[in-house]
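Just so you know, all these numbers are worked out from the coordinates, no wet-lab data involved. Everything numeric here is computed off the predicted structure, so don't read it as measured data. FYI the Cβ positions are ideal-geometry reconstructions off the backbone, even for glycines, and counts take in every protein chain you see.
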Amino acid sequence: DGGITQSPKYLFRKEGQNVTLSCEQNLNHDAMYWYRQDPGQGLRLIYYSQIVNDFQKGDIAEGYSVSREKKESFPLTVTSAQKNPTAFYLCASSIEINQPQHFGDGTRLSIL
Amino acid sequence: ILNVEQSPQSLHVQEGDSTNFTCSFPSSNFYALHWYRWETAKSPEALFVMTLNGDEKKKGRISATLNTKEGYSYLYIKGSQPEDSATYLCALNSNSGYALNFGKGTSLLVTP
């Protein structure tokens, strides 16, 4: 079945460590997105990518980095510069701008 | 960041009741409005994407309307069932960017 796979489901980060969240889709979608959810808040956009080898900062990109070397993959790195990384992270994709987004199951990141 | 407001924040109804929620958004630069349903332990699922003023969409017992001039959308659920229990998210696409701006959601609980 087509869909979006995020891994791992749970991730723990030590102080000063970079961690990478995986997002893979087999829907042949051009656009991919990373969102962050904190308690009591709506989903906030971290980064998005419209096509391979291109990506744009969202509203809260500081302390994060992404790459889009393949259409299917859009990994998110949470760097040590992100001082408050504990959150639930969702990856999504869509075929084009005004089409629905398809979401993965999310990764919950916590600090050790 | 565009301010998307959803009300009420939470709602508890009995099985068989009909209910509705509101999504308010800035009407300038409107491009599209999305509605998603997010059940616990699952990923958000797209319900509707609406682009035209006066649009009305329906999916089973759920329907939505859109007023882009005054900046609001209503989501209606007719004859609520326990399986309708979820958080309902609305999100705005503006014509100044490709990203979605999400509201905080309305959490619906339907009890038998």
Checklist entry - Among the lysines in chain B, how many pairs, 8 or more places apart or on different chains, have alpha carbons under 19 Å apart? => result 5
Next on the checklist: Need one number: convex hull volume per residue for the stretch B:43-104, Cα atoms only, in Å³.
Outcome noted: 103
Next on the checklist: Quick check on the stretch A:22-78: what are the equivalent-ellipsoid semi-axes from the Cα gyration tensor, as sqrt(5λ), descending, whole Å?
Outcome noted: 20, 12, 10
Item to check | Dipole in debye (nearest 20) - the protein assembly as shown, about Cα centre, beta carbon charges: Lys, Arg +1; Asp, Glu -1 | outcome: 300
Item to check | Relative contact order (%) - criterion: Cα under 8 Å, at least six apart; region: chain B | outcome: 37
Checklist entry - Given 25 °C and 0.890 mPa s, how large is the Stokes-Einstein diffusion coefficient of chain B in µm²/s, with Rh as the Kirkwood radius over Cα pairs? => result 175
Checklist outcome for this item: Computed on Cα atoms, Rg of the stretch A:1-40 relative to 2.2 N^0.38 Å comes out at 1.47
Item to check | Principal axes of the protein assembly as shown: Cα extent on each, largest first, Å | outcome: 50, 37, 34
Checklist outcome for this item: Per-residue Cβ contact counts at 10 Å, fewest first, order A:Leu11, B:Leu108, B:Leu75 as A:Leu11, B:Leu108, B:Leu75
Next on the checklist: Can you classify the stretch A:62-112 as rounded, prolate or oblate using the Cα gyration tensor, where a ≥ b ≥ c are the square roots of its eigenvalues, rounded means a/c under 1.5, and otherwise it's prolate if a/b beats b/c and oblate if not?
Outcome noted: prolate
Checklist outcome for this item: Scoring chain A by relative contact order with C-alpha pairs under 8 Å, at least six apart, yields a percentage of 35
Checklist outcome for this item: The answer for A:Arg68, listing residues at least 5 apart or on another chain whose modeled amide H is closer than 5 Å to its amide H, is A:Asn53
Checklist outcome for this item: Within the under-11-Å Cβ sphere about B:Asp17, not counting B:Asp17, Lys/Arg +1 and Asp/Glu -1 give a net charge of -1
